[in-house]
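Just so you know, all these numbers are worked out from the coordinates, no wet-lab data involved. None of these values were measured; they are calculated from a predicted model. In this analysis, Cβ positions are derived from the backbone assuming ideal geometry, glycine residues included, and neighbour counts consider all displayed protein chains.
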Protein chains: 2
Amino acid sequence: MFEALLEPKTVAVIGASRTPGKVGYEILANLKDGGFGGSIVPVNPSADEVCGLKCYPDLESYGKKIDLAVIAIPTAAVRDAIDASITAGAGAIAVITAGFKEVGDAGMALEREIAQMCLSKGVRLLGPNCLGLINAHHRMNASFAKHMPLQGGISVVSQSGALCTAILDWAASRHLGLAKLVSVGNKADLSETDFLNALAEDDKTKVIVGYLESIGSGDEFMKAAENASSKKPVVVFKSGVTQAGGKAASSHTGSLAGADMAYGAAFSRSGIIRADTFESLFDYAMALAMQPLPKGNNVAIITNAGGPGIMAADAVELSGMKVCTLATASASALKSKLPSAASVGNPIDVLGDADPERYVMAVEAAQSDDSVDAIVVILTPQAMTKPVETAQAIAGCARNKKPILVSFMGGLDVSTGRDTLMSQNLPDYPSPERAIAALKAMSEYSEWLRRPPRILTRFLVNRRRVRRIINRHIRTEQFQMGEAYAKEVLSAYGFNVPLGGLAATADEAIEIALKVGLPVAMKIASPDIIHKSDIGGVKLNLDSEDAVRDAFDLMTMRIKERMPKARINGVYLEQMCKRGREIILGMTRDPQFGPMLMFGLGGIFVEVMKDVAFHIAPITNAEAMKMLESTKSFALLKGARGQARVDFDAVATGLQRISQLVTDFPEILEMDINPFIAGKPGEDSIAADARITLAGKLEQER
Amino acid sequence: MFEALLEPKTVAVIGASRTPGKVGYEILANLKDGGFGGSIVPVNPSADEVCGLKCYPDLESYGKKIDLAVIAIPTAAVRDAIDASITAGAGAIAVITAGFKEVGDAGMALEREIAQMCLSKGVRLLGPNCLGLINAHHRMNASFAKHMPLQGGISVVSQSGALCTAILDWAASRHLGLAKLVSVGNKADLSETDFLNALAEDDKTKVIVGYLESIGSGDEFMKAAENASSKKPVVVFKSGVTQAGGKAASSHTGSLAGADMAYGAAFSRSGIIRADTFESLFDYAMALAMQPLPKGNNVAIITNAGGPGIMAADAVELSGMKVCTLATASASALKSKLPSAASVGNPIDVLGDADPERYVMAVEAAQSDDSVDAIVVILTPQAMTKPVETAQAIAGCARNKKPILVSFMGGLDVSTGRDTLMSQNLPDYPSPERAIAALKAMSEYSEWLRRPPRILTRFLVNRRRVRRIINRHIRTEQFQMGEAYAKEVLSAYGFNVPLGGLAATADEAIEIALKVGLPVAMKIASPDIIHKSDIGGVKLNLDSEDAVRDAFDLMTMRIKERMPKARINGVYLEQMCKRGREIILGMTRDPQFGPMLMFGLGGIFVEVMKDVAFHIAPITNAEAMKMLESTKSFALLKGARGQARVDFDAVATGLQRISQLVTDFPEILEMDINPFIAGKPGEDSIAADARITLAGKLEQER
């Protein structure tokens, strides 16, 4: 399937034009000039020859089977061209033409139609509204971007065609090789997910680079991304990060989880290396394509100038990696070879008049030293500096066991040296900081690859009971599940909840109070009242029968007066919870990526400090612990500042139980356990209050 | 004085060499090749002619007055050369030679000696151990870096010579003009402060760029920086940010305030624009040198590609600026001129086939629209794109009332267009993100320029009383001032402190307790005990005479047993403080910049969340309010999350009173008010506990 698209033998260009500047001309010219080795079939009813190639009025006249059809004709004619291409045996079709989904409903309908035409015949469709595609190793430039890139290991999938042209132009200026470049356009059929899958298996692709504005199916994307990331690095720049936000949400979790949080959680779970800026996208990809991954975080810096060495050391420390010093033996061996004024500390300063040989000695020493995991080499163009020779010398001694990243700082004097570095697979950056940011990305990916196997704990739960509760709520259109039922659900999934019960009369209330033990808390139970305490619907610490009776009467009478239309199910009584560290555990269902679990310390920490962590369910114990550890306030759970250390294993288990619950029941749209009161180690933790929001209909159970 | 250095008529090169590659040769060649219009005097006892110029064995043989001597001879001969230069009437001397302070004590002594020689004759000394200096408008390259830069408005002061070579090389590759470039080397005499002062007055300098690793005198630096910043932008990259830290400190404030915090506080107070990376240093400087400052935060984005437009919008939002839309009138006027598929929202999308004219229409519309403060123009190289013509067209319509920053994305195809932009004073960046980061720096500087005048409040205080307390403590070598005295000091400076008194006996304790009113708190008073509660030295909420007597006896007896050597001054009794929001106010004296005030919410917020703000004293009310507002937890003081709103004016006043106290008494090294209990508006706020650390000797009062 992808062979017809990526490695076709015969490519038809439907809409081949004789007018330079027109898309149909440019594609044909690019195919021909790029040195495509297969057959090129220009199709144009009003030309006999285009670019020196015989031109056919239609595919029928050509008469033979084609593999790939590239369509660049007016929108109205596209449907017939697709029909003809399918008839001619095309395995894949790229529609360059615009004027589909992006222009409104009619275009959307046409787009659906052509996608369906292809789908029904098992033909894959790229676009519409795209730049086309390039396979450098197949010498095929089936796009209207004129730069045929050098052959290299980076493949690009982009949702912006214009960005592809900028990338190709930039890659040409830096002599950076690419493998495949695909502009996915409107993604009527083929999407980022398909190319993740295809490129994961592609031997020529060492690194996958993606520019995304949206993602089709979150689930499939994550699966494809995790699979691809396990085989090779995937670096993605996602734009549109600030635009989502602000969706109405009924839970804390929902209001804190923007779309960008979801992308972040999805990316980090599936091993995607996230680039935060356009420049970092290729900064990272270059290093990943050219150099081995670091095995640890110890970085040796080699420089011919003090200032840039300090900059680099700052950047390493700020990134969380370590500026390491050579082991004593290697340091003294190196010291004996370098001039006396040189420093073999870290940064290793080979001095302003360093020749290539001095750089080699330093690089060799760092490569041989077990305490070094990665090497950053800096050069400034001083009077005696030989950038080209130094580049060659470093390349000559590189052993490819540890990553070497380079920054030749400057402009004119270092430009040929920088080209030499790149041609020798030594990634070169305009500043030490950018080299180190790339190294950090490598280091994080390396850590992800070494992550422990994902083992999900399956807890013994009472699933049937929850099913009953949910069904009853949805049937009666009670989509906001009250506290009492929410706690039943939690209890069925193994959470400790305060003992309690629903009372319809004052006598029942006393009975329940005596059963669970005084003192008790009492809360009005009504599907119509969300903020109970605002309306006098909560009483705490009631410690006698009289107090319970008084509270029952006052509460029910008052609510009737204040909210005469509210349906009242009774009053919910429960044990007063003991004190402890208040935590919020929650879940909100992201439209793209599904259930996002949330953890944060109660109240101020969540709402003012926004100190929360998200993870896409399902979650393992190790991942839950990592969530906790990623917040600043985790220090408090560990017992900082004289706070009592709490049983954070119970918190991590709570997250896993929520994960199981929301995976089992897709009808649960949002939920908060707020507060989850975490006890000291050895004590019980308790879900003291909870709220669950249900979907409007029953879902197919998974 | 600076004229001799920066605009000399006669320059002597002492150590002029005939051997290319040698520093003494390169300087001479650079002076000559750079087109220096004054007299060049090579000095070398063993040559008659160097670089085609008559060479003198010594300055005496030259016989005429020189203005600037550039010395590049072995270290041992430098002293005599300086002597000779002074005799020859030099007003300034640049010592290129290394081997001084940086190599140890002997070098340090020699460096001091030559500095003193110059100082005593009123001659200014640049270096030693530097690259030299360049004045592009004077056509003088008195350095051993070979690139004579184009004439421009950016002046560079750098503590790293190697970095200067990289900067010059880079500037040459981007056709960026410079005014002056000075390598300050070891700063034996002339330092960053001197050049801040000089360049502030220099008409040719539009922007000052600094690379600093250390700063001599913090006070003078801040004064010079604030003065310079008021006249023109000063952009500084400070390296070595991670190395300080970890100094032992006895206060919270001290332990939280690293050296980098101090630099940050000093820079932001004096209007310095801080660059966090090497690339951003010139990214910012370019924009500031070429474009007017924005008057507000509303940014219009113009692009020929959707993807990069979204990137830019993200970057604007993340920076805190606003993506603005055109006013209805200008939008519809523009809409009528552009093709129908173009978008006049924001980003304004002029489409992939945009010609220069379309860019001009969009730029014109944004320039005329009052709702736009700044314009970012993006171009990607597509089939119909004309980068050079577009660059010229934008330059042609730029009105210089609002900043226009540009990103031509790509490599080869846009490179001439990028050069055109730069030559037309349109700053060009490789990515939209970098353009927007530069715009943000401009916007912050613009805000600093518009800041309200700094009016310090001088509170009526009892200064004499504090003087007595401090003198007594220092004379008796009690450098840790106990709570009781610290509160006396605070009280003298207008803080509310709990009523209290020191009791030597149980009877006295009861007497004090009855006077201040029960219940009381009791704390052991001993200069030797810092953590009182750890040793049973604190009792709270004592509400009867018996309880006070019991506590007094228990506490004094227990301490005698547990810390037999501790000197005990008695027991301090005071009113129990009412509850309120606990805040930490403090001060630590930075070795460079002096008293740094700190604000943070008590306990967890300071210690776990590190949510604190610093400001260098003295502080105005507006600055104190800004400090509060810069912390996340300020939301709590304002009454978020159902918390009681507190009187934050009292907190701001507290910071100003501390500012006055520590400015009045330089002997105060560190102090914490912890907690400062902030009341609700209308209630009193109170300094509930305090600690002051004094210097080992009395200081000259200011």
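Just a few scattered comments:
- Each listed q (0.13, 0.22, 0.23, 0.31 Å⁻¹) maps to a log10 I(q)/I(0) for the stretch B:608-653 from the Debye sum over equal C-alpha point scatterers, namely -0.30, -0.79, -0.84, -1.17.
- The alpha carbons of chain B give a radius of gyration and a Dmax of 31.8, 101 Å, in that order.
- What sits nearest the axis between copies A and B, counting only chain A Cβ atoms, is the residue and whole-Å distance A:M609, 3.
- With the convex hull drawn over the C-alpha atoms of the stretch B:387-513, the volume per residue is 236 Å³.
- Remark on B:S407: its backbone amide H falls under 5 Å from those of B:V377, B:I378, B:L379, B:Y429, a criterion applied only to residues 5 or more positions apart or on other chains, H modelled at 1.01 Å from N.
- Computed over the stretch A:85-172, the alpha-carbon pair-distance distribution with 5 angstrom bins reads 3, 13, 21, 20, 18, 13, 9, 3, 0, each value a whole percent.
- With 5 Å bins beginning at zero, the pair-distance distribution over Cα atoms of the stretch B:314-361 amounts to 5, 20, 28, 19, 15, 11, 2 %.
- 22 Å Cα-Cα threshold exceeded, pairs from A:K539/B:K638; B:K232/B:K295; A:K231/A:K632; B:K64/B:K146: A:K539/B:K638; A:K231/A:K632; B:K64/B:K146
- DSSP beta bridges in the protein assembly as shown [antiparallel fraction, %, rounded to 5]: 50 percent
- A:L190 long-range amide H proximity, modeled H, under 5 Å: A:L125, A:G127
- Karplus (6.51, -1.76, 1.60) ³J(HN,Hα), θ = phi - 60°, over the stretch A:274-287, in Hz, Gly and Pro reported as x: 8, 9, 8, 9, 4, 5, 5, 3, 8, 4, 6, 4, 4, 4
- Each copy carries A:R467; placing its label point 7 Å along the C-beta direction from Cα gives inter-copy distances of 8.7 nm, listed from smallest up.
- The aspartates and glutamates within cross-link reach of A:K65, meaning a Cα-to-Cα straight distance under 18 Å and a gap of 8 or more places when in the same chain, are A:E3, A:E7, A:D80, A:D83.
- Segment A:K231-A:T505, extension gain: residue separation times 0.36 nm, minus the distance between their alpha carbons: 92.2 nm
- The stretch A:1-138 gives an Rg/Rh value of 0.94, both radii derived from C-alpha positions and Rh following Kirkwood.
- Sequence of B:I474, A:I673 once ranked by neighbouring C-beta atoms within 10 Å, starting from the fewest: B:I474, A:I673
- Neighbour counts of other Cβ atoms within 10 Å put A:M596, B:M148 in the fewest-to-most order B:M148, A:M596.
- Whether the stretch B:99-234 is rounded, prolate or oblate, judged on the alpha carbon gyration tensor where a/c under 1.5 counts as rounded: oblate
- The mean of 1/r over all pairs of different alpha-carbon atoms in the stretch A:403-443, once inverted, gives a Kirkwood hydrodynamic radius of 10.3 Å.
- Square roots of five times the Cα gyration tensor eigenvalues for the stretch A:581-694, Å: 23, 14, 13
- At q = 0.10 Å⁻¹, base-10 log of I(q)/I(0) for the stretch B:291-449 (Debye sum, equal scatterers on each alpha carbon): -0.29
- Per-q log10 I(q)/I(0), the stretch A:499-575, q = 0.12, 0.16 Å⁻¹ (Debye; single scatterer per alpha-carbon; no solvent): -0.26, -0.47
- Counting only residues at least eight positions apart within a chain, or on another chain, the aspartates and glutamates with an alpha carbon under 12 Å from that of B:K401 are B:E364, B:D369, B:D370, B:D373.
- Residue-wise HN-Hα coupling along the stretch A:389-396, computed from phi with Karplus coefficients 6.51, -1.76, 1.60 (Hz; x: Gly, Pro): 4, 5, 4, 5, 5, 5, 4, x
- Sorted shortest first, the distances from the A:K626 label point to those of the same residue in the other copies are 4.1 nm; each point sits 7 Å from Cα along Cα-to-Cβ.
- In summary, the lysines within cross-link reach of B:K565, defined as a Cα separation below 21 angstrom excluding same-chain residues under 8 places away, comprise B:K523, B:K532.
- The Cα center of the stretch A:592-637 and the Cα center of the stretch A:49-68 differ in position by 59 Å.
- When both bridge partners sit in the stretch B:291-449, DSSP labels roughly 5% of those beta bridges antiparallel.
- Each residue in A:E607, A:E574 was given a count of other beta-carbon atoms within 10 angstrom of its own, and listing them fewest first yields A:E607, A:E574.
- For B:D550, inter-copy label distances in nm, listed shortest first [label point 7 Å out on the Cα-Cβ vector]: 3.2
- Its residues counted as N, the protein assembly as shown yields a C-alpha radius of gyration over 2.2 N^0.38 Å of 1.06.
- Per residue, the average separation of C-alpha pairs within less than 8 Å and at least 6 apart gives the stretch B:291-449 a relative contact order of 29 percent.
- Cα-based Kirkwood hydrodynamic radius, the stretch A:531-637, one decimal, Å: 17.2 Å
- Phi angles of the stretch B:437-451 translate, via the Karplus equation with coefficients 6.51, -1.76, 1.60 and θ = phi - 60°, into HN-Hα couplings of 4, 5, 4, 4, 4, 4, 5, 5, 5, 4, 5, 4, 4, 8, 4 Hz per residue; Gly and Pro are given as x.
- Close amide H pairs (under 5 Å, H built 1.01 Å from N) link B:A327 with B:S371, residues at least 5 positions away or on another chain.
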